[in-house]
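Below is one structure; the comments refer to it alone.
The values are calculated or read from the model by the stated rules, or taken from the named source; none is laboratory data. Bear in mind the structure is a predicted one, so any value in this text is a computation, not a measurement. Because the Cβ atoms are built from the backbone with ideal geometry, glycine has one as well, and the counts that use them run over all protein chains shown.
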Amino acid sequence: MSRTTHQVEYGYEPPADHRKGTLIFYDAFEHILPHELDEAAAYADTRAFSKLVLYPLHEETVRRMVKTPVRPYYKRVDELHAWKDERDLPYVTIEALEGKRKKYTPIDAALRHMAEIYKAPFVLYITPETANLFASYTSFEEWIVKLRLVLIERPSDLHPKLEKYRHRWSVSGEKEETRNG
């Protein structure tokens, strides 16, 4: 961070920041393709989010959540960094909490950590499978009132709590008006 001084006229008011909130892409990034990352970045840009946070899950977290093997954490993170560098998107951040912990991190701890660091309002960008898993946790009802969900695609089956809180989530490619209709 440079420490240069800038002179401005007396009474100068910086322009208001029209970008608000944080879009959090919470996933293992094992099966997410570059075009899906591009769609998330485009969604964050068109909805004027100040930050898109990519939150890759550690192998232990994935193993406890879905019990399927994934590539090592560092390989998936390297791919995300390569994608970010290739696109040159300054508003994209790759969260490294799970890389520091190197063990299972519950979604509650991850969301609390991001709520302390990034600007509200928060929108969780997730797959339908992860949304159903999240809805099965006891803390879901505590978190769903604090954030919104954006699902990558329309789910084939819904957890009953997702059905109950249908007004708190939407599907990425669909317009808001058609979701309620």
> If you go through region 25-58, how many residues are assigned to a loop (DSSP other than H, G, I, E, B) and free of Cβ contacts under 8 Å to residues at least 12 places away in the same chain?
Replying inline: 3
> Only one of these conditions is not met by LYS161: (1) touching a helix residue (DSSP H, G or I) at 6+ places or on another chain (Cβ under 7 Å); (2) surrounded by fewer than 19 Cβ atoms within 10 Å (Cβ to Cβ); (3) assigned to a loop (DSSP other than H, G, I, E, B). Which number is it?
Replying inline: (3)
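Considering region 48-78 alone, what residues qualify as being surrounded by 17 or more Cβ atoms within 10 Å (Cβ to Cβ) and either out of contact with any helix residue (DSSP H, G or I) (no Cβ under 7 Å at 6 or more places or on another chain) or of a type in the set (S, T, N, Q) (or both)? Reasoning before the result, please.
As a first pass, look at region 48-78 and keep what is surrounded by 17 or more Cβ atoms within 10 Å (Cβ to Cβ): 49, 51-59, 61-62, 65, 70, 73, 76-77.
Once the filter is applied, which keeps residues that are surrounded by 17 or more Cβ atoms within 10 Å (Cβ to Cβ) and either out of contact with any helix residue (DSSP H, G or I) (no Cβ under 7 Å at 6 or more places or on another chain) or of a type in the set (S, T, N, Q) (or both), region 48-78 yields PHE49, LYS51, THR61, VAL62, ARG76.
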> Counting just the residues of region 12-24 that are assigned to a loop (DSSP other than H, G, I, E, B) and modelled with pLDDT of 85 or more, which one comes out nearest to GLU60 (Cα to Cα)?
Replying inline: GLY21
> Here are GLU79, GLU177: which of them is of a type in the set (Asp, Glu) and either modelled with pLDDT under 95 or closer than 20 Å to ALA48 by Cβ (or both)?
Replying inline: GLU177
> Quick one: what pairs do we get from region 86-111, first residue farther than 15 Å from ALA28 by Cβ, second exposed (fewer than 14 other Cβ atoms within 10 Å of the Cβ) and hydroxyl-bearing (Ser, Thr, Tyr), C-beta under 7 Å, 6+ apart or different chains?
Replying inline: ASP108/SER139
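Just checking, which of SER139, SER172 is among the small types (Gly, Ala, Ser) and touching a Phe, Trp or Tyr at 6+ places or on another chain (Cβ under 8 Å)? Explain how you work it out, then say what you get.
Values: SER139 fails: touching a Phe, Trp or Tyr at 6+ places or on another chain (Cβ under 8 Å).
Being among the small types (Gly, Ala, Ser) and touching a Phe, Trp or Tyr at 6+ places or on another chain (Cβ under 8 Å) holds for just one of SER139, SER172, which is SER172.
Please determine, by comparing only the residues of region 123-155 that are polar (S, T, N, Q), in a loop (DSSP other than H, G, I, E, B) and free of Cβ contacts under 8 Å to residues at least 40 places away in the same chain, which one is surrounded by the most Cβ atoms within 10 Å (Cβ to Cβ).
Taking region 123-155 first, the residues polar (S, T, N, Q) are 127, 130, 132, 136, 138-139.
Then keep just the ones that are in a loop (DSSP other than H, G, I, E, B); that gives 127, 138-139.
Next, from what is left, pick out any that are free of Cβ contacts under 8 Å to residues at least 40 places away in the same chain: 138-139.
Numbers: THR138: 7, SER139: 12.
Looking at residues that are polar (S, T, N, Q), in a loop (DSSP other than H, G, I, E, B) and free of Cβ contacts under 8 Å to residues at least 40 places away in the same chain, I get SER139.
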>> Any residue at all in region 48-64 that's on the phi < 0 side of the Ramachandran plot, of a type in the set (S, T, N, Q) and under 14 Å from the mean Cα position of the chain (by Cα)?
In response: yes
